[in-house]
1. What is the set of long-range amide H partners of Arg472 at a cut-off below 5 Å, with H atoms built 1.01 Å from backbone N?
2. How do 717-724, 696-703 rank on mean C-beta neighbours within 10 Å, highest first?
3. Students often check this: by mean Cβ neighbours within 10 Å, which of 535-542, 178-185, 604-611 ranks highest, and how do the rest follow?
4. How large is ³J(HN,Hα) for each residue in the stretch 653-665, as worked out from phi by the Karplus curve 6.51 cos²θ - 1.76 cosθ + 1.60 (θ = phi - 60°), to whole Hz, x for Gly and Pro?
5. If you take every residue apart from Leu60 with its C-beta less than 13 Å away from the C-beta of Leu60, what net charge results, scoring Lys and Arg +1 and Asp and Glu -1?
6. Lys and Arg at +1, Asp and Glu at -1: add these up for the other residues within a Cβ distance under 9 Å of Val229 and post the number.
7. Between Leu393 and Asp732, what is the FRET efficiency for a Förster distance of 51 Å, r being their Cβ-Cβ separation, to the nearest 0.05?
8. With r defined as the distance between the Cβ atoms of Thr111 and Ala161 and R0 fixed at 35 Å, what FRET efficiency is calculated, to the nearest 0.05?
Amino acid sequence: MTPRRASLRPVAVLTAALAAVAGAVVPAGLAAPAAATTDDPTAEETGLEVEITDVGSPVLGPDRPLTIRGTVTNPTDEAVETADLRLRMQRYTPISRSALQRWLEPDSYSTTVLLAREDLPAALPAGESTTFSVTVEDVPLASAHYAWGPHGVEVEIRDAADAEVEGADRSILLWYPDLEVERTPVSLLVPLAPNLAERATSVADGRPVAEVAAPRLLELLSATDQPGVTTVVDGMLLAPPAGRPGAELGADAATGSEAVEDPTDPTAPTDDTSDGATDTSTDGAVDEATAEPGATGTAGADATATEDGTEAGSDPAGGEPTDAPAPEPTDEPPPSGGAADLVASVTDRADATDREIRLLPWADADVAALAHTGADVLLAEQRDRSTAAGHALGLASGTALTWPDTDRPDQVTMEAVARAGADAVVLPAGAATPLQELTYTAAGRADLQLADGTTLPAVLADEQASAVLSGRLLPRAGTDGDVLDLDPLDARQLLLAETAVISRERPADPRAVVLALPRDFAGDPTALADMLAALMAAPWVTPTTVSDVLATEAPALERGTLPDIEVAAGELDNAVLRAMDAVVAEAASFASITTVPDEIVEPVERAVEQVLSSAWREDPGAREDLIAAVRADVEALDTQVTALPSSTLNLINSSADLPVHVRNDLDTDVTVQVRLDPTDQRLQAPDAVTLTVPAGSQATAQVPVRAVGSGDVPVEVELLTADGREVGTSTDLQVRVRADWETVGTAVAAGLLGVLLVVGLVRTVRRGPRMDPDEVVPDPEEAP
């Protein structure tokens with residue numbers, strides 16, 4: 001087994017001279033990976049590349065042959081005519097985990113015994129590869145307690161004609177004769193939560209996060225279907241998807257607006273059957289026949305027209321809606337098969353007796369970050385939401401076990417999770433290291449001291465063994481080496497070896513080993529399943545759930561205290577929480593004008609709560625993008641309730657009602673306050689008017705105004721919630737105010753009447769008094 005850096009293949013070059021005599025015990029050395037020895041890609045290759053691909057059964061028993069298979073590649077420019085293969089094995093079992101890991105280090109030496117030596121069956125041309133297989137029928141290992149456990153094996157291949165052309169690879173076999181040992185409890189924690197990429201894809205595609213994450217998580221669930229596994233599930237995955245904000249109300253761009261009549265469309269039918277002379281004003285708006293040339297009055301054919309000439313006053317006065325048909329409701333798509341299968345798999349796992357389900361806080365909230373920001377209430381809410389989602393599916397488990405996603409836990413976090421109701425916590429073992437130097441691996445169980453004198457039970461995940469389970473090899477304690485990649489065979493055999501060494505450290509004192517997969521695990525599920533099957537079936541292991549580990553007493557070890565506070569890079573802070581609150585508040589403000597506010601607010605809360613996930617630590621900028629995306633969805637709701645534009649309105653009285661048309665593209669009624677905000681004191685609109693606009697329709701509000709002067713006044717039409725916050729989309733109107741026309745007209749009429757009166761009097765005086773028609777007038781020629 002030779003671990004590799006990054007994606008380099010496991011290749012080793014043997015540098016120490018190995019004895020050629022069968023049965024000799026010699027020190028063997030392993031150099032660094034050949035592919036990493038030079039930065040020059042054109043450098044000449046001088047060694048063979050050897051890789052062990054199979055060691056047979058994960059655990060070798062007595063009377064069973066050992067078969068080692070692998071490949072050898074000749075990257076040099078010269079053919080190897082005769083290749084000499086030697087198989088060696090450690091005679092003794094490593095006494096510690098440190099000694100076990102030292103076998104894997106390139107420059108280490110170990111006492112080995114030669115098991116087999118043979119030539120490859122054919123020459124190895126330059127640039128070619130071939131396979132090999134070596135079988136040892138009788139492995140020289142004793143059937144005793146001191147001999148069972150891991151033994152390193154090494155395959156070395158060299159050119160018989162040139163000893164400098166050589167290569168080697170190492171692995172580990174597990175030897176277990178017919179004997180009984182105290183079994184070591186082994187537990188595995190599996191986080192079932194979306195990773196950063198899945199959460200980001202969910203936001204970008206507008207798909208439920210459970211649907212996006214289901215393919216990976218279903219494979220993970222299947223691979224970890226073993227006894228002793230505790231699956232810790234993000235409660236958000238168990239709840240029905242909430243959809244995009246406003247989607248259930250037809251707020252998508254292609255739904256409501258297409259189904260509602262556009263009042264600016266000249267072909268749109270209206271309720272108005274007149275020729276355009278209907279007066280919508282009772283006390284001051286004038287018909288165009290009485291207005292100055294070019295003016296449009298509030299009662300004339302153009303008085304309520306829109307800018308393209310269509311009548312905007314087709315609604316009956318008083319705000320009655322048109323009879324435009326409402327759009328068909330848009331149903332939220334049902335959960336995808338993957339998401340539904342995920343829920344079913346979780347509930348099935350919960351029914352097993354040797355496995356268990358626990359819950360993470362909703363959206364796998366960053367427990368440490370919420371503790372650092374003092375958001376105890378929010379942390380408790382996220383825990384409660386997950387518990388409720390689990391109970392809705394009949395899951396008895398809750399969030400009593402808290403698993404902060406941090407490798408540097410602190411006292412502030414522990415105090416916060418205890419206040420939130422946690423009765424146990426998962427920590428990396430390195431966070432609670434015993435103060436005294438131990439010659440064995442301590443149990444993965446501890447009690448943490450809290451400020452109030454109480455203790456918080458903890459399970460401690462073994463970082464080294466957990467890394468191996470994930471296919472990584474951490475540097476040995478006290479060294480500064482790199483983290484190396486392990487292939488599936490190496491990882492399986494090393495994990496078995498780690499647990500065997502732990503069992504051998506104190507054979508009469510079985511101590512629980514807790515393993516934990518990382519939240520972003522993206523390894524090969526097939527390899528993981530093979531590894532876990534071999535581990536849980538090992539004769540020195542007893543599968544144990546985390547609940548069983550917590551039921552044991554913590555060993556009486558004095559441990560180091562946690563730091564007061566450790567804020568990790570990328571944690572969310574109070575600024576992020578304020579931004580979340582602002583988006584939800586904006587959604588709640590809009591929702592208050594509808595009859596179904598929960599259908600708007602809940603999807604927004606569900607979407608923005610993903611911000612709380614610890615996954616965003618890797619990319620805080622993506623967290624900000626998520627908030628911006630949800631905010632954009634909320635702001636888009638304003639386009640669904642719109643104050644419509646209108647042509648210029650004439651106002652010739654000192655007071656009148658101006659018509660304002662409002663369109664509602666949602667699938668629910670809305671009630672808004674319509675307010676006019678003139679830009680000039682010559683027109684005043686002191687009062688807003690309440691208007692209810694049915695779903696998928698439009699209505700008109702008659703807003704009272706008062707004129708105190710003359711002039712052209714721009715007016716902004718605002719739509720408000722009941723508590724006065726702006727909502728929807730506003731528009732602008734142009735009002736031509738002629739408040740003195742009424743006074744001038746009255747004066748002119750009075751003057752005309754006065755003139756007519758004077759003229760009549762003058763004519764009457766000139767004619768003299770009228771005579772009675774029945775009176776006899778005397779003849780002037782007749783004498784008296």
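1. Counting only residues 5 or more places away or on other chains, the set is Leu486.
2. Listed from highest to lowest mean packing, they are 696-703, 717-724.
3. Descending packing order for the listed peptides: 604-611, 535-542, 178-185.
4. These are the phi-based 3J(HN,Hα) values: 9, 6, 8, 6, 10, 9, x, 10, 9, 10, 10, 10, 8 Hz.
5. Details: positive: Arg64; negative: Asp54, Asp63, Glu137, Asp138, Asp178.
After counting each charged neighbour, the total is -4.
6. -1
7. Given R0 = 51 Å and the Cβ-Cβ separation, E is 0.45.
8. On the way: r = 29 Å, r/R0 = 0.83.
Efficiency computed from Cβ-Cβ geometry: 0.75.
Throughout, read-outs are computed from the coordinates displayed, never taken from laboratory work. Because the structure is predicted, anything quoted here is derived from the model rather than measured. Because the Cβ atoms are built from the backbone with ideal geometry, glycine has one as well, and the counts that use them run over all protein chains shown.
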